[in-house]
1. Residues that are at pLDDT 70 or above, over 30 Å from residue 211 (Cα atoms), part of a helix (DSSP H, G or I) and out of contact with any Ser or Thr (no Cβ under 9 Å at 6 or more places or on another chain): does region 130-137 have at least one?
2. Return the pair list, or none, for Cβ contacts closer than 8 Å from residues in region 263-276 that are within 15 Å of residue 37 (Cβ to Cβ) to residues that are of a type in the set (Phe, Trp, Tyr) and part of a helix (DSSP H, G or I), at least 6 apart or on different chains.
3. What pairs come up if the first residue lies in region 16-45 and is farther than 20 Å from residue 147 by Cα, the second is assigned to a loop (DSSP other than H, G, I, E, B) and at pLDDT below 85, and their beta carbons are under 6 Å apart, counting only those six or more places apart or on different chains?
4. For residue 127, are the conditions met, namely being of a type in the set (A, V, I, L, M, F, W, C), within 25 Å of residue 57 (Cβ to Cβ) and modelled with pLDDT of 75 or more?
5. Of everything in region 62-113 that's surrounded by 20 or more Cβ atoms within 10 Å (Cβ to Cβ) and either in a loop (DSSP other than H, G, I, E, B) or not assigned by TED's automatic domain parsing to the domain that holds residue 45 (or both), which residue is modelled with the highest pLDDT?
Amino acid sequence: MPPLRNTLADLTDERFRTALLLGLASIPFTVALSWESAPTSFSVTAVVAAGLLAGLHYADRSAENGDVGLLEGYRYGKRPAASHRAGIVTGVVGSVPAVGWAIVYMFELAWTLPGWQGAVAAVLLPAAVPFVAALFALSGGVGAAVGDWLAARIDRDRDKASRANSDSDGDVSGWWWWVAAYIVFAPAVLLYIFGVGPESGAGLALSVLALVVLVPFSVFVAIALLKDAITLGEVGRDWVPNYWVYVGAPLGAYAVAYLAATLGQSTNPSGVGVYVFLIALWLSSIVYLDHRRRYADTP
């Protein structure tokens, strides 16, 4: 079955209802993020994020061709893994506002451009819909591939944790040390940047360097928190942490802050989102380590 027919079939397949809902949920964010640039350009950020969630949800390591990637699946004539197909469904559904903008824009060009230019725009109008839909489908597929990869890493960590000695009195994971380090390091950097606020010289260079280190370190800490929580949950400790809450809350805070800053016409919405993410991850880390100490009977 050709890829186009595969996708059309998947759009009405009950198995991909969650992917369809994720695509619908991404539409308001796409509209908000593309409001200033449409119809000449569109933001695919929301669709990539929705595709990532679809990849996490549909990742199935037991599938016969679960290790077949998006491009490899089409290249060798195999149906892609369910997670990648779900990402495409999410992208196609999420492309609705962009497709609408593109159609209106092409109609406007065909009506206003003189002579042969208007004729060319009219001829290209039918191609605008599949082109924009394909762009969003690819973006959703990329997000799903990342989600699928992340799900595979989570499964691997679970397998390792299940082989650990569940009756051991010692700590079964050392990842929490990185979380504790972040709790100390993050406020020191942020207080220096916003409290001291150096505007020039060595102080400004130090603040920039500290922020450059803090941002990637925060991503690493989010992964470390995820790994630590998975390990605790798999070795049979009394406390089973909901790691999606501890890691998802900072990511959700970033998305909300980014969207709010964009709607508020901030000159740097991504910067606002990053600062909110850093603070939200710091709070989440404190709550996680506090619960770990009280309920997991570990340091």
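The values are calculated or read from the model by the stated rules, or taken from the named source; none is laboratory data. None of these values were measured; they are calculated from a predicted model. A quick note on method: Cβ atoms are made from the backbone with ideal geometry, for glycine too, and the neighbour counts reach across all protein chains shown.
1. If we filter region 130-137 for residues that are at pLDDT 70 or above, which is where we start, we get 130-137.
Now restrict to residues that are over 30 Å from residue 211 (Cα atoms): 130-137.
The next check asks that each one be part of a helix (DSSP H, G or I); those that pass are 130-137.
Now restrict to residues that are out of contact with any Ser or Thr (no Cβ under 9 Å at 6 or more places or on another chain): 130-131.
Scanning region 130-137, I find at least one residue that is at pLDDT 70 or above, over 30 Å from residue 211 (Cα atoms), part of a helix (DSSP H, G or I) and out of contact with any Ser or Thr (no Cβ under 9 Å at 6 or more places or on another chain), so the answer is yes.
2. Pairs found: 269/258; 270/258.
3. Short answer, once both residue conditions are applied: 33/43; 34/42; 34/43.
4. Values: of a type in the set (A, V, I, L, M, F, W, C): yes; within 25 Å of residue 57 (Cβ to Cβ): no; modelled with pLDDT of 75 or more: yes.
In short, no.
5. The qualifying residue modelled with the highest pLDDT is 95.
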